[in-house]
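Report on one structure; see the data block that follows.
What follows draws every value from the coordinates through simple rules; no lab data is involved. Source: prediction; values computed, not measured. Cβ coordinates were reconstructed from backbone atoms using ideal geometry, including for glycine residues, and neighbour counts include every protein chain displayed.
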Amino acid sequence: MTLNANRIREDFPILKRKIYGKPLVYLDNAATTQKPRQVIRAINDYYENYNSNVHRAVHLLSQEATKAYDDAHEKVGNLIGAKIEEVAFTKNTTESLNMVASSLGQKLKKDDEIILTRMEHHSNMVPWQQAAKRTGAAIKYAEIDGNGELDMRQMRQLIGKKTKIIAFTHISNVLGTINPAKEIIAAAKEAGAITVVDAAQSVPHMLVDVKKLDCDFLAFSAHKMLGPTGIGVLYGKEEMLENMEPMLYGGDMISEASYEDAKWNELPWKFEAGTPNVAGAVGMAAAVEYLQKIGMQNIQEHEKKLTATAMKKLRQIEGLTIYGPEAPKRGGLVAFGMDGVHTHDVSALLDLQGIAVRGGHHCAMPLAKLLGINGSTRASFYIYNTPEEVDMLADALENVAARMRNPGK
Ligand code: C6P
């Protein structure tokens, strides 16, 4: 079955918007995706009909809200092949990764090693830097080759007895590279290291099965997969989460408390202190249902086609450099530079045509420096994007490039 982007677009009210009088071409999906009516309605329905706190009162509203909240964990678990105990809701990918880094960080010792890659988002780099600073552990980086792919040979050489944690992005938000997660995780297992997967750019776009990957932790955000902002996921293997210290303490995360001490609640509630984002959970569950109806494999196929077309067309534009690997090894995004034009100018000129892309370092500043650039312009695709929109992007970029070549005209 192929995905019908034109039919899908009908579900997204925002896609009818005009930008400076032009139809919106939304190509900033790696930053955040738009929301279908089904998600917006689910959130409205919660607030209009069964808004209540969860896991606390016995009244009917609370029972309904609790059921919806717990069911959301099950639905999200089902998406990635995890049990409800293994799915903790957080604020976003960033919070999930901070939770793991600060908890695992407490167990690190001087000279232990954490392996990251050179293509990490700040969210999967800065928390580890801080954990390393606190403990005296060292960070080692897996290098990237000329195609923007991980140098697996060098990465294997880094992995050794001192390696305690390997944290890596599944798909780079700049290069688009799909990293060989299974291979990295298998190598980590051999060395007895814990694996943490930043799946912010993979779970929304492809079938990710945590059991098949055999990762210890995995993090992603609802807002990048049609869900609302303010809610994300930390998956952890049950035994890992059992042994992990919570980052936040308070209501709902305890099973028993006295004036002196407390015992932790069962999983996953141990990691969900305080009144949670119930509306967010309801919205995320609706988003998961929506994506599963389309099918994650169909989504990946659709994006692959759009990306291949975009790469082909953009490559024909003089003065444009695309970063990252070829289409089969990349997810649904293309970041590029244009000779002599600042990325913010490219983005602003595209915006005037109604085309929303992102320019800048994409929260991966060290990677931009490594590539020797200030930043890049990025077009990122999702289920509602069409080949016609890719054509519009290519035409608009050709115009920008032509104007830059002949500024007087
Ligand atoms: N990248 C982008 O435009 P949050 O903000 O916590 O939902 O996600 C953080 C994050 C972590 N890892 C990767 C690989 C990501 O791409 C992101 C978010 C957005 O590329 C916003 S900076």
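Rounded, prolate or oblate: which fits segment 335-382 when a ≥ b ≥ c are the square roots of the eigenvalues of the alpha-carbon gyration tensor, with rounded for a/c under 1.5 and prolate only if a/b beats b/c?
Details: a/c = 2.53, a/b = 1.53, b/c = 1.66.
Taking the square roots of the gyration eigenvalues as a ≥ b ≥ c, segment 335-382 is oblate.
Starting from segment 254-348, pick out the chymotrypsin sites (Phe, Trp or Tyr not before Pro) whose DSSP state is loop and whose Cβ has at most 11 other Cβ atoms within 10 Å.
Details: sites: 259, 264, 269, 271, 290, 323, 336; in loops: 259.
Filter output for segment 254-348: 259.
Report, in listed order, any pair from 35/212; 83/182; 18/369; 91/224; 237/263 with a Cα-Cα distance greater than 24 Å.
With Cα atoms farther than 24 Å apart: 35/212; 18/369.
Ranked highest first by the average count of other Cβ atoms within 10 Å around their residues, in what order do 94-104, 294-304, 50-60 fall?
Values: 94-104: 23.8, 294-304: 17.7, 50-60: 14.3.
Highest to lowest by the protection proxy: 94-104, 294-304, 50-60.
Which lysines have a Cα lying under 20 Å from the Cα of residue 313, excluding residues fewer than 8 positions away in the same chain?
Within the straight-line limit of under 20 Å, residue 313 reaches these lysines: 304, 305, 329.
Rounded to the nearest 10 degrees, what's the angle between the helix 181-191 long axis and the longest principal axis of the chain, both from Cα atoms, 0 to 90?
40
Looking at the square roots a ≥ b ≥ c of the eigenvalues of the Cα gyration tensor of segment 324-409, which shape do they give, rounded for a/c under 1.5, prolate if a/b is larger than b/c, or oblate?
oblate
Give the share of C-alpha pairs in each 10 angstrom bin for segment 50-293, from 0 to the last occupied bin, in whole percents, shortest bins first.
All Cα pairs considered, the percentages come to 8, 32, 35, 19, 6, 1, 0.
Quick check: the distance between the Cα centres of segment 151-165 and segment 21-47, to the nearest angstrom?
What the calculation gives is 41 Å, centre to centre.
Could you give the distance between the Cα centres of segment 312-381 and segment 171-203, to the whole Å?
After rounding, the separation between the Cα centres reads 23 Å.
Label the chain by shape, choosing from rounded, prolate and oblate, from the square roots a ≥ b ≥ c of the eigenvalues of the Cα gyration tensor; if a/c is under 1.5 it is rounded, and otherwise prolate applies when a/b is larger than b/c, oblate when it is not. List each step's numbers first, then the result.
Working: a/c = 2.13, a/b = 1.27, b/c = 1.68.
It is oblate, given that a/c is not under 1.5 and a/b is not larger than b/c.
May I ask you to order 215-227, 113-125 by the average number of other C-beta atoms within 10 Å around their residues, highest value first?
So the peptides 215-227, 113-125, ranked by packing, come out 215-227, 113-125.
Any lysines with Cα under 18 Å of the residue 109 Cα? List them, leaving off those in the same chain fewer than 8 positions away.
133, 140, 161, 162, 164
Report, for the chain, the % of DSSP beta bridges that are antiparallel, rounded to 5.
Given both bridge residues lie in the chain, the antiparallel proportion sits at roughly 60 percent.
Between the DSSP loop rule and a limit of at most 15 other Cβ atoms within 10 Å, which GluC sites (Glu not before Pro) in segment 178-271 are left?
Qualifying residues, ordered by number: 260, 266.
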